[in-house]
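Read-outs: derived from the displayed coordinates by stated rules, not from any lab. Just so you know, these numbers come straight off a predicted model, no measurement behind them. Here the Cβ is made from the backbone with ideal geometry for all residues, glycine too, and neighbour counts use every protein chain on show.
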Amino acid sequence: MKYRIFAIVALLALVAVSYAVQDGFAPKPAWLERQFQLGLDLAGGTELVYNADTADVAAAEIPSAMESLREVIERRVNAFGVSEPIVTIEHANALGGRTEERLVVQLPGVTDVAKAIELIGKTPSLEFRVERLDMRDTATASTSVDELFAPTGITGRLVQRAAVEFDPTTGAPYIGLMFTDEGGKLFSQVTRDNVGSILAIFLDGTPISFPTIREEIPNGRAQISGQFTIQEAKQIVRDLNYGALPLPIELVGTQTVGPSLGQAAFVAGIRAGIWSLAIIALFLILWYRLPGVVAVVSLCMYVALSLAVFKLIPVTLTAAGIAGFILSIGMAVDANILIFERMKEEIRRGLSVKDAMHEGFHRAWLSIRDSNTASIITAIILFWLGTSAVKGFALTLGVGVVISMFTAITFSRTLLYAIVPNTSSKLSRILFSNGSHF
Amino acid sequence: MYIINNRRWFFGIAAVLFFGSIALMVYPGVPFGIDFTGGTAIEVVYTGERPLQKAIEAALAPLTEVASIQPAGEQSYLIRTKELTPEVKESVLNALHINSAPYTLERYNSTGPSIGSELQRKSYVAIVLVILCIVLFITFVFRKVSAPVPSWKYGVATIVALAHDVVIPAGAFVLWTHYFAAGDIDLLFVTALLAILGYSVHDTIVVFDRVRENLRKNSESRTVESYDVTVGKSITQTFGRSINTSLTIFLVLLALFIFGGEPTRNFSFLLMIGIIAGTYSSIFLASPLLVFFERRQQAKAHAAAQKSTIL
C-alpha cells in the first residue's frame, strides 16, 4: 500500500516535471519559462579563439590582466549589437608547464566574421570633444551628437593614469585623470580657450560624460564627475587605463556555422532522440512486458529530469551534447535491463514474483553502481581535458548517467513495487516474465 | 562453456581484427583533420548548379595550398586548405563564385597549428588517462577477489579489451572515411572513442561482477568448482543482458545514424562499431582471458611443484 501512494506521488512528479520542461505544448507561467541554451553549431554563429601574449606580465598578474582583457572585448562585442555574446577565458594547459591563456569569443547569429574580427581587434578610443558653440542655437532633437561636438585632439593616448576618487564632502565617486606632459599642455590650452563650454568625453564613439569647463586646468589633471555609481566609475577607469588592450592578442582559430546548417543539425538531433526513444520503448514493452511498460514510464521521467537539469544549470547544447544525451538514454535502459534479467533468473529459481523483484533490485544494484561509476570517470576526464565541444558531450553524458542511476533505483523501483502482485498466479508470471517464455 | 572452451578461436578473431585495424591505420593511414593539424575547412552549399570539382581546384590553386576538395550531398563541397589569413580568406571566398555561381557559406573552420598539436597531445593524454583510471578503479572494485586470480589481473584483462575496443573502431573508421563517406579525425572522433571506452568497461564490469558474485557464493556454500566453469557460468548468466543492452544502444545509434543528420553521422558510425567491439570484447575476450591467466598460474605452480619434488 505504501508503495502505491509513493507511486502516485512519483507519477504526479513526472507530470509536473514534464509540464515545467515542455516548450510550446501548453501555456505556463513566466517563472517557469526557460530556454535551452544552444551551442553555436546548432544556433549558427561564429567562434573566435585568441591567444593572449602574457610574456610581459608577471605570473601573479595574469588572471587580472586576462579579466580586464575579457571585459574590454566583451564591451566591444556588445557594442557590435550581438545578442548574448559569450566571452570566456580558457587556460590551455599544454601539460609541459607552459600555460597558454586564450580568449574564446562566441557570437551567436554572426556570420560576418571579417567585421567581427576587425571590431574586436581595434583599439578603443577615448576622446575629449568640445562643444561647438555655433550649433548651440541651431541644434534640434534630430541633431546627432557627433555634430554637436568638435574634436580637440585629446585622446586616450595622452592619458597617463586614471583612478576612482571620492569627493571629500559628498562622498560621491569621480574619476581623476592624469595626462602625459604632452597631453597636459594640450588639455590646458583647450580648457583655457573654451571656458564655459561642455567638454564631452567619448568612449568608442559614445559620449559617456558631459562635464562643463569651469576654468583653465593647467596642471595636467582633470576630473570627470557625473552621476555614476562606484561600479561604473571603476569600469570607466579601467577603460581609460587600458585604452589599448591590456594584452596583445592574436587570432588562432575561427569557426563559423551557417544558421541553416545549425537549424538542420538541431532538428536532426531532436528527431534522432525521438526515434531512439520510440525504438527503445517498443523493444522494452515487447520483450519485458509489464516491467517494460514501467521502464518506459521511468525513461520518460529520466528524459524530463535531464532536460530540466540542462535548462537549469544551464548546459549549452551542441550536436555532440545531444549525441551524448541520446547515448545516455541507452545507458539508462541498461539499468532496467540488468534488473529485469535478474528478476527473470530469480523467478526461474522458484521465487515468487514479489521476492524475485526485491532480489532483482538488490543484486543488480552492485553492477549498476560499478558500471556507471566507470562511465562517470570517463565523463569527468573528458570534461576536465576537453575544449567546449567535448565538454558539452561530457556534461550531458555525465549528468545523464547520474540521473539514470537515480531514476532506475527510485522511480522504477517505486512503480514496480506498487504493481507487484502478492499472489503468484499464472497471469502474473506471464506479465512479469520476458522474452519468448510464457 | 562454449565460449570458454573455444576461447582460442575468439582470441584469434580479435587478434586478426586488431592487427588488421592497425594495418589500416598505417595504410591508407589515419586521416587527421584540421582540429589536429591546423588548417582551414570550408563548407559551401551552392544554391544553383554546383560547379565541377575541377573548376574549383583550378580556381583555388593560385591562391592557397588546397589539401582536399570533397563533394558532400548534392549541392555542397567540403574544402580543406592550409590555414588562411583573413586576406587570403576573402579572395578564396570570392574565387568560389565560379562563373558567379551563388553559394552560401555553411561552415568555416580555421585552426592554428599550435592549437592543433595541443589538441592532439590532449587527446592522447585523455585516452591514456581514461584507461589508467578505469584499470585502477577495477582493481579497487574487485579488491576482495583474490583467489584464484588476483584483482589486478581483472584490470589487465580490461586493458586488453579496451585496446581492442579503441583500435578496431579506429581501423573501421579509416575504411569508412576512405571508401564511403567524407570525414576525418576530429575532436568528435576522440570523444566517440572515449565514450566507447566508457561503455566497454561498463559491459565488462557487469560480467566480472557476476564472476565475483559466483565465486563468493561458491565459497559460502563450500562448493568446489573449477574457475573456468565459474567464469563460463557467469558469461551465460549475463549473456541475455549484454545482448539486450547492446542491441538497444545499437538501435539508438542506428536512429542517430539515419536521422541524426550529417554532423553526427560519422560519430554514430564510429560508436556503432565501438558497441559491437565492446560487447564482443567483454564476452569473448575479457572473461576468457581471466581463465587464460588462471591456467597459466596453475601451469607455473605445477612446474614449481615439480621442480621442488625433483630437488
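Numbers below:
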| item | result |
| --- | --- |
| Dipole of the stretch B:128-230, positive end: most advanced residue of B:VAL167, B:ILE138, B:SER226 [Cβ charges, Cα centre] | B:SER226 |
| Degrees, to the nearest 10: B:287-310 long Cα axis against longest axis of chain B | 40 |
| Lysines whose Cα lies under 19 Å from that of A:LYS115, excluding same-chain neighbours fewer than 8 positions away | B:LYS89 |
| Averaged over B:23-29, number of beta-carbon atoms from partner chains that fall within 10 Å | 0 |
| Positive-end extreme of charge dipole, the protein assembly as shown - chosen from B:ILE283, B:THR104, B:GLY20 (charges on Cβ) | B:ILE283 |
| Cα extents of the protein assembly as shown along the three principal axes, largest first (Å) | 109, 67, 66 |
| Rg to Rh quotient for the stretch B:10-128, alpha carbon positions, Kirkwood Rh | 1.11 |
| Using θ = phi - 60° and Karplus 6.51 cos²θ - 1.76 cosθ + 1.60, couplings along the stretch A:208-219 (whole Hz; Gly, Pro as x) | 10, 7, 10, x, 9, 6, 8, 7, 5, 10, x, 8 |
| Check: the stretch B:188-280 dipole with +1 on Lys, Arg Cβ and -1 on Asp, Glu Cβ, in debye | 180 |
| Under 27 Å from A:LYS185, Cα to Cα: lysines that are on another chain or at least 8 residues apart | A:LYS234 |
| Separation of the A:GLN223 and B:HIS302 label points, Cα + 7 Å toward Cβ, nm | 9.8 |
| Entries of B:LYS82/B:LYS122; A:LYS28/A:LYS391; A:LYS354/B:LYS233; A:LYS354/B:LYS217 with Cα pairs more than 29 Å apart | A:LYS28/A:LYS391 |
| Candidate lysines for bridging to B:LYS153, where Cα separation is under 17 Å - those fewer than 8 sequence places away on the same chain excluded | B:LYS144, B:LYS300 |
| Charged-residue dipole, Cβ positions (Lys, Arg, Asp, Glu), the stretch A:1-86 about Cα centre, Debye nearest 20 | 860 |
